[in-house]
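Single-structure report; data block below.
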Amino acid sequence: MGDDPNFATTITNLINTRTRKYSATIGDGTATTFNIVHNFNTLDTTVSLREVSTGNLVITDVQTVDANTIKVLFVTAPSSGQYRVVVTG
């Protein structure tokens, strides 16, 4: 479009720089560790965790496993569907 001789490349680069979001509800009453596979292929991610019933922000340990996976850890197993984790990257 316009005068861009590399229009396809320009659009592809713009698409690849967009912010992506992955979310999941976690908790099963038993597990204290949850692997979240977001498939963003980057270590540059931000993670937020909220309690589903209240929407309150929750602080817990989060570890980067690799460029596509994070691990969310709790001391006590959360109840079924207790938390919503959102990964952006």
| query | Dividing the convex hull volume of the alpha carbon atoms of the chain by its residue count, what do you get in Å³ per residue? | reply | 108 Å³
| query | On average, how much accessible surface per residue is there in the range 17-89, in Å², for a 1.4 Å probe, leaving out ligands, DNA and RNA? | reply | 61 Å²
| Karplus-derived HN-Hα couplings along the range 72-84 (A = 6.51, B = -1.76, C = 1.60, θ = phi - 60°), whole Hz, x at Gly and Pro | 10, 10, 10, 6, 10, 4, x, 5, 4, x, 5, 10, 10
| In whole percent, how big is the carbon plus sulfur part of the accessible area of the chain, probe 1.4 Å, protein atoms only? | 49 percent
| Taking H as built 1.01 Å from N, whose amide H comes closer than 5 Å to the amide H of Val52, not counting residues under 5 places away? | Tyr83, Arg84
| Loop-located trypsin sites (Lys or Arg not before Pro) in the range 1-49 whose Cβ has at most 15 other Cβ within 10 Å (DSSP) | Arg18, Arg20
| field | Amide H partners (placed H, <5 Å) of His38, local residues excluded | value | Thr69, Ile70
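The values are calculated or read from the model by the stated rules, or taken from the named source; none is laboratory data. Predicted model, so just to flag it, every value in this text is computed and none were measured. Using ideal geometry, Cβ is built from the backbone for each residue, glycine included, and neighbour counts are taken over all protein chains shown. Heads up: the accessible areas ignore ligands, DNA and RNA and are worked out on the full protein's heavy atoms, side chains in. Shrake-Rupley method; radii C 1.70, N 1.55, O 1.52, S 1.80 Å.
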